[in-house]
Amino acid sequence: MASRKPEKTEIPVKPFTEASLFPHAALKSWKVMLPLLAVLVFLVWLGFRLNVDDRVIVGGAVLFGVLSSLFAWVIGVLGLIPFIGPLIVKVLAIPIIWLLNALGYLVSFIAIKRGYSKDVLTYRGLTIALIVGIIIGFILGHLI
């Protein structure tokens with residue numbers, strides 16, 4: 001008697017999707033994130049309208065944006081803009097920009113406590129001009 005090999009039964013393989021690899025990926029859908037962005041903008045507007053303390057509004061917005069991954073989604077949407085979008089995302093991710101800005105806030109805080117508020121305004125204006133110059137230079141350097 002000849003031995004007969006059993007037929008191979010192939011199990012259908014489902015292709016990997018973002019939702020199967022990352023269960024929380026459903027939250028990254030524009031159908032969810034766009035209304036979340038609208039809610040955040042409305043709550044910030046309402047907070048300013050009702051004269052809520054600025055620190056409470058900013059803290060709540062940052063907490064809401066980080067927990068819902070809204071900021072990452074907005075940066076991802078900005079990255080979809082042809083040519084200039086990826087450059088904007090790269091500039092936002094440059095650590096030296098964040099370091100300069102944080103250092104500026106620290107120095108401003110100390111200077112205001114010591115009574116140099118007019119000098120702080122000048123300093124912050126120069127810092128913002130420097131950061132904007134770095135960003136423009138970075139963008140032009142990549143485009144040329």
Original post:
Using the C-alpha atoms of region 64-144, what convex hull volume per residue, in cubic angstrom, is computed?
Top reply: 99
Original post:
Are there chymotrypsin sites (Phe, Trp or Tyr not before Pro) in region 30-105 that DSSP puts in a loop and that have at most 12 other Cβ atoms within 10 Å, and which ones?
Top reply: F83
Subject >> For region 28-80: Kirkwood Rh in Å [reciprocal of mean 1/r, alpha carbons] >> reply: 11.6
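Read-outs throughout are calculated quantities, based only on the coordinates presented, and are distinct from any laboratory measurement. What you see is a predicted model; the values in this text were computed from it and never measured. Please note: Cβ atoms are built from the backbone with ideal geometry, for glycine as well, and neighbour counts cover all protein chains shown.
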